[in-house]
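Engineer: Structure incoming, see below.
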Amino acid sequence: MTLMETMVATDRPLLKVEGLTKGYGPRIGCAGVTFDLWPGEVLGIVGESGSGKSTLLSCLAGHLRPDLGSIHYDGRDVLAMGETERRCLGRTDWAYVHQNPRDGLRMGVSAGGNVGERLMAIGARHYGEIRGKAVAWMDRVEIAADRVDDRPSAFSGGMQQRLQIARNLVTSPRLVFMDEPTGGLDVSVQARLLDLMRGLVRDLGLSVVIVTHDLAVVRLLAHRLMVMKSGHVVEQGLTDQVLDDPQHSYTQLLVSSVLQV
Amino acid sequence: MTDQAYNFAYLDEQTKRMIRRAILKGIAVPGYQVPFASREMPMPYGWGTGGVQVTAACLVPEDRLKVIDQGADDTTNAVSIRKFFQRTAGVEVTEATAAATLIQTRHRIPETPLTRGQILVYQVPIPEPLRFLEPRETETRKMHELEEYGLMHVKLYEDIARHGQIATSYDYPVKVEGRYVMAPSPIPKFDNPKLSGNPAIQLFGAGREQRIYALPPYTSAVSLDFDDHPFQASKAPHHCDLCGAKNSYLDEVITDDHGGRMFVCSDTDYCAGRRAAGQKGRLWSPEPQEAAP
Amino acid sequence: MIHIDNLSKSFTLHNQGSTVIPVMAGAALEVAGGECVGLTGRSGAGKSTLMRMVYGNYLAAGGRLLVGGLDVARAQPREIIRLRRDTLGYVSQFLRVVPRVPTLDVVAEPLLALGTPVEQARQRAADLLARLNIPERLWSLSPTTFSGGEQQRVNIARGFAHAYPALLLDEPTASLDAANREVVLGLIEEAKARGAAILGIFHDEGARARVCDRLVDVTGFTPQVAA
């Protein structure tokens, strides 16, 4: 790639979503969702339960097929891809962090095997190197190297979540989907995880789409925010602008309903 | 009288036809698990119902059948299946590998190299090599479809992490012609190299799981491994105490209560053939004695 | 560097009968590089609102708001993100950080975001913290547990970590003792000397007189509500 092409490539959105719509029979899952996500950006999606944020994330990550609209990743039409190509993307360039680490980890496989799986899936065939990378990534998410052969079932909730993140990031993905990654964790563990995720986003230049109902989490983590209600995006913008100067009545209600500590 | 009571080789012709179609499909797509409508057989699951159905579908009156279990012709399972086909198909039987046209086996590949025209039928308990780590059938099918076999190496990784080496010693997974990963049934990994490039037709039948798969003659089957932990076809580091064979798979036999033991070929036909040709092992005498204390 | 022209702002309270509250109209001012402009006016006149609009924290209703050539009133979020990273610093009165992150890293973060090597960023952070008299034993602790004055100084250190070409300062000397006030004023003078454009709110009249080149009374930007 020439320098010019590189510059052009970095000056376009990593993910381009247009008119994304998914219904469940007569019910709206999400409707007409349009946004661009740029390299290195964290996009928060907030809304109450049933607002369509999880449906949207599932459509983006390829777990659900939208009825209408388009998704372009790095210029490639995601919905036109074959399943092989899409799943290949899902274990190389993309990552998905589940709310419950049990959904994103293999509980019967050691921590090292969990982290190494994505490497082996893309053809790594040297045990020593795979193990070395697994240990390095565990260190990065602050799990001691001597736990490499322990199963995740022996880990605390916070450690499991960090292991899930390590498992996802080991192949250096560019786009990470996160579904309530701090839900169900103690607040002290939450803070640690938020700090870790901020550092990873900054150091690796990750683009992230994070779904949460926790406005404090998005304020600290997301550059931009989308507010969803009844399947529609009612407002989007800079995170602090949307939270401090909300324009839509629903956002105003949401922001004013947060309990202060 | 009994041979009048059954159709040739027990199964009705429509069932054979269905099974033969599955076999042909299996041969056409080496290593791919073909679903088939497994029938109730007059023996329990786990006793080789899959292998028996494949054998029944392949047998013709001119065949000479050999049945082995763990390499031996004289174990209960082998004897009962052999008798079953003697009664229901009236085919000739033999214990000599070289003389057999069709061999049904559980847990071994004969030591005597197979030749063109022979058929080797394996009894398979669990046909899905990915089952160990992925319990969902829908997901394992998808993984085969998309060649997502990273999980197989996770299994081997776990082995090394836990035991310092690949501890899987039987049913060791192979990749067939660079495409499908296949469970070779619980044969010792010592036998894995014989799977590959074999001139015989190798058929695999799983009765309970209702799957048939196959290796056509001269098909490559590569045992999975790591660059720094290469596959090794291991066996007990001994010679056969009866025939002296250096390179055959051995069973360990405890001979007394004082720690006495002997190693003998698990392939009884091979061992007997060597002894008949005058080969001698450590403990062999024309009338084999118990090992001395 | 900062160029504001005919800027207006109103809040619409949808959940309180859609009341529309106009808070600013016809705001105009200019801050050149190396210049410090102080906003004055009684409490509630709109000083902080104007600062927040310049930072992109509040949406403008109309007018032009150029910072380093970018019209913040119309810019895309990602353009404002870039502006905040490279060009425009903000020392607010509140410290909003991830709990448990060490003070040193909180201060170094703006530099890390620009790709400065970690050691270099930490060194700069350490220098600033030392200068602002934050005891070294506190550097490894989270500032969320600090006193108001200490948090204020951490905030200032963070705001001055990178040599932003434009700076917004919201009461930077409030709740500081004389010695630290002196340090902060020194920092502001250094920033001016290197050519930064500074827009600030200073209730501290002495500080205002010392660092501000001009004052702008925002009372003039208050919309005239028909009585």
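The values are calculated or read from the model by the stated rules, or taken from the named source; none is laboratory data. As the structure is a prediction and not an experimental result, all values here were calculated from the model. Glycine also receives a Cβ, built like all others from the backbone with ideal geometry; neighbour counts cover every protein chain displayed. These accessible areas exclude ligands, DNA and RNA; they are computed on the full protein's heavy atoms, side chains included. Shrake-Rupley method; radii C 1.70, N 1.55, O 1.52, S 1.80 Å.
Engineer: Enter the Cα centre distance for the pair region A:190-241 and region A:19-56, rounded to the nearest angstrom.
Structural biologist: Here the two parts' Cα centres lie 14 Å apart.
Engineer: Hey, another quick one. Any idea of C:Glu189's accessible area? Nearest 10 Å², probe 1.4 Å.
Structural biologist: 70 Å²
Engineer: Still on this model: Taking the alpha-carbon centroid of each part, what is the distance from region C:13-81 to region C:194-225 in angstrom?
Structural biologist: Their Cα centres are 14 Å away from one another.
Engineer: What's the magnitude of the charge dipole for chain A around its Cα centre, counting Lys and Arg as +1 and Asp and Glu as -1 at the beta-carbon? Answer in Debye, nearest 20.
Structural biologist: Details: 28 positive and 30 negative charges, 134 e Å.
The calculated dipole for chain A is roughly 640 debye.
Engineer: Once you put a point 7 Å from the Cα of B:Arg162 and another 7 Å from the Cα of A:Ser257, both along the Cβ direction, what distance in nm separates them?
Structural biologist: 4.8 nm
Engineer: Continuing with this model, one more query. At a probe size of 1.4 Å, how large is the accessible area of B:Lys246, to the nearest 10 Å²?
Structural biologist: 130 Å²
Engineer: Does anyone have the angle between helix A:111-121 and the longest principal axis of chain A? Alpha-carbon axes, 0 to 90°, nearest 10?
Structural biologist: Orientation of helix A:111-121: about 80 degrees from the principal axis.
Engineer: Separate question: State, to one decimal in nm, how far the label point of A:Arg65 lies from the label point of A:His213, with both points 7 Å from Cα in the Cβ direction.
Structural biologist: For A:Arg65 paired with A:His213, the spin-label model returns 3.1 nm.
Engineer: Another question, then. According to the square roots a ≥ b ≥ c of the eigenvalues of the Cα gyration tensor, what is the shape class of the protein assembly as shown, taking rounded for a/c under 1.5, prolate for a/b larger than b/c otherwise, and oblate for the remainder? If you can, show how the numbers build up before the last one.
Structural biologist: Numbers: a/c = 3.96, a/b = 2.58, b/c = 1.54.
Since a/c reaches 1.5 and a/b is larger than b/c, the shape of the protein assembly as shown is classed as prolate.
Engineer: Report the antiparallel proportion of the DSSP beta bridges in the protein assembly as shown as a percent, rounded to a multiple of 5. Don't skip to the answer; put the middle values down first.
Structural biologist: Values: 58 of 108 bridges.
Taking every DSSP beta bridge within the protein assembly as shown, about 55 percent pair in antiparallel fashion.
Engineer: Continuing with this model, one more query. Along the Cα→Cβ direction, 7 angstrom out, place labels at B:Arg282 and C:Asn133. What is the inter-label distance in nm?
Structural biologist: For B:Arg282 paired with C:Asn133, the spin-label model returns 8.8 nm.
Engineer: Indicate the gyration tensor shape class of region B:99-140 (rounded, prolate or oblate), computed on the Cα atoms with a ≥ b ≥ c the square roots of the eigenvalues: a/c under 1.5 is rounded; otherwise a/b larger than b/c is prolate and the rest oblate.
Structural biologist: Details: a/c = 3.69, a/b = 3.12, b/c = 1.18.
The shape class here is prolate.
Engineer: Can you give the Rg/Rh ratio of region C:63-148, where Rg is from the C-alpha atoms and Rh is the Kirkwood radius? Can you show the working numbers first?
Structural biologist: Working: Rg = 15.4 Å, Rh = 14.6 Å.
Computed over Cα atoms, the ratio is 1.05.
Engineer: Let a ≥ b ≥ c be the square roots of the eigenvalues of the Cα gyration tensor of region A:88-138; is it rounded (a/c under 1.5), or, if not, prolate (a/b larger than b/c) or oblate? Intermediate values should be presented prior to the final figure.
Structural biologist: On the way: a/c = 2.02, a/b = 1.26, b/c = 1.60.
Oblate.
Engineer: While we're here: Within the set B:Lys16/B:Lys83; B:Lys83/B:Lys246; A:Lys53/A:Lys133; B:Lys83/B:Lys280; B:Lys25/B:Lys142, which residue pairs have Cα atoms separated by over 22 Å? Intermediate values should be presented prior to the final figure.
Structural biologist: Numbers: B:Lys16/B:Lys83 20 Å; B:Lys83/B:Lys246 33 Å; A:Lys53/A:Lys133 34 Å; B:Lys83/B:Lys280 32 Å; B:Lys25/B:Lys142 19 Å.
Table pairs above 22 Å Cα-Cα are B:Lys83/B:Lys246; A:Lys53/A:Lys133; B:Lys83/B:Lys280.
Engineer: What residue among B:Pro217, B:Pro125, B:Pro113 has the largest mean-square fluctuation in a Gaussian network model of chain B, using Cα springs under 10 Å?
Structural biologist: B:Pro113
Engineer: Using just the helices of the protein assembly as shown, give the 222 nm mean residue ellipticity in deg cm²/dmol: DSSP H runs with n ≥ 4 each add -39,500 (n - 2.57), and the total is spread over all residues, rounded to 500. Mind dumping the intermediate values first?
Structural biologist: Numbers: 26 runs with 267 residues, N = 781.
Rounded to the nearest 500, the figure is -10000 deg cm²/dmol.
Engineer: To the nearest 20 debye, what charge dipole does region B:55-144 have about its Cα centre, counting +1 at the Cβ of each Lys and Arg and -1 at the Cβ of each Asp and Glu?
Structural biologist: Values: 12 positive and 12 negative charges, 36 e Å.
The calculation lands at about 180 debye.
Engineer: Right, here's the next one. Mind putting a number on the dipole of chain B about its Cα centre? Charges go on the C-beta only, +1 for Lys and Arg and -1 for Asp and Glu, and I need it in Debye to the nearest 20. It would help to have the intermediate numbers written out before the result.
Structural biologist: Working: 33 positive and 37 negative charges, 135 e Å.
Result for chain B is approximately 660 debye, rounded to the nearest 20.
Engineer: If you stretched the chain out fully between B:Ala96 and B:Arg261, how much longer would it get, using 0.36 nm times the residue separation minus the C-alpha to C-alpha distance? Mind showing how you got there, number by number?
Structural biologist: Numbers: separation 165, 0.36 × 165 = 59.40 nm, distance 2.73 nm.
Result for the pair: 56.7 nm of gain on full extension.
Engineer: May I ask for the distance between the Cα centers of region B:238-255 and region C:106-162, given as a whole number of Å?
Structural biologist: Here the answer is 74 Å between Cα centres.
Engineer: Return the ratio Rg/(2.2 N^0.38 Å) for region B:46-174, where Rg is computed over Cα atoms only. Mind dumping the intermediate values first?
Structural biologist: Numbers: Rg = 17.8 Å, N = 129, 2.2 N^0.38 = 13.9 Å.
Taking N as the residue count of region B:46-174, the ratio is 1.28.
Engineer: At R0 = 45 Å, how high is the FRET efficiency between B:Tyr6 and B:Glu177 if r is their beta carbon distance? Nearest 0.05 is fine. Can you show the working numbers first?
Structural biologist: Values: r = 38 Å, r/R0 = 0.84.
Given R0 = 45 Å and the Cβ-Cβ separation, E is 0.75.
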